[in-house]
Amino acid sequence: MLYHYTTIQTLALILESEAIRFRKLSKTNDPDEGTADHAQLKEFVYSSSWTSQERENIGLWKMYAGMDGVRIGLPEEMFPVHQPRSLHQPHSLHSIKHRTFENAATIPSVNLVVNDPENSYLESGSHKLRDFYGPDEIKYTQSVSEARAELRDEYYTTAGVGIFKLDDWDLEKEVRFRIAFAQSFTLAQEPPFYLMDDFVDVPLKEGILQEIEVTVGPINDVANELIANALLEVKGIDKRANRSRIRYVGT
């Protein structure tokens, strides 16, 4: 199982839409996100962050669920994608899992705008995000320069973007899914287009929500527990929310 800490409102949206929202790397809470991999490319990669730690993490509760939110658990194979094909590249990139969608109808689209037509072979409009990666463990480093030392210029593609984070974030023990606009650029090249959308909603595998695990936060709000159970019941999921094992008294 993989786990995601969030709010009760987001749980409601996930159950209703049967999808997970992926956000553009440039819009995450880490301002250094993607700078080790080539800052320009983080505009072309969307990610969803999880952890494989079964044991609850009080830091993640505080940062992402407000202590009274929920922790969602879902199987690793939660998305309708084929089995991974490892990218056999040097250094840390050898472990990246590359996947393709099982059905073309489930491939998310984004709106692309060309701002330099003379240097772009693409046209403005809707484009599919066909390249799916993960789940891959984040590699934590002491500095951006240390991460860059593990990458070679020719591998500045969207495949490797979003794999490194500074070790200030190590407490998250993050496992990440990524979906990318499949492009590569030279280091000196300014992309001749950009993606308008800050997020994309990626559909979950059919029936996978029947396996969801929901845990309500350490500040045990009875109302939130009732809401979580009601949401599961409405969706036809024969499960009850669990209470956090962490004892916590807010101040």
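Readers should treat all values here as calculations from the given coordinates under stated rules, not as data from a laboratory. Since the structure is predicted, the reported quantities are computational estimates derived from the model, not experimental observations. Glycine also receives a Cβ, built like all others from the backbone with ideal geometry; neighbour counts cover every protein chain displayed.
Between Glu206 and Gln53, the FRET efficiency estimated from the beta carbon spacing at R0 = 25 angstrom works out to 0.35.
Computed from the C-beta positions of Met196 and Val249, the FRET efficiency with R₀ = 30 Å rounds to 0.10. Taking 18 Å as the limit for the C-alpha separation, the pairs Lys24/Lys128; Lys173/Lys239; Lys27/Lys173; Lys42/Lys139; Lys42/Lys173 exceed it in the case of Lys173/Lys239; Lys27/Lys173; Lys42/Lys173.
In this structure, the amide hydrogen of Glu102, modeled 1.01 Å from its nitrogen in the peptide plane, lies closer than 5 angstrom to those of Val81, His82, counting only residues at least 5 positions away or on a different chain. Under the simplified labelling scheme, the Glu102-Glu213 pair shows an inter-label distance of 2.3 nm, with each label point 7 Å from Cα along Cα→Cβ. Amide H to amide H distances under 5 Å link Leu166 with Thr141, where only residues 5 or more positions off or on other chains count and H is placed in the peptide plane. Given R0 = 35 Å, the distance between the Cβ atoms of Arg130 and Lys62 translates into a calculated FRET efficiency of 0.45.
In plain terms, the chain from Asp116 to Lys27 could stretch by 29.7 nm, reckoned as 0.36 nm per residue minus the Cα-Cα distance.
Under 11 Å from a point 7 Å along the Cα-to-Cβ line of Leu13: which residues of region 199-243 have their amide N that close? It comes to 199-201, nothing else.
Here's how it looks for Ala19: its modeled amide H is under 5 Å from those of Leu204, which are all 5 or more places away or on a different chain.
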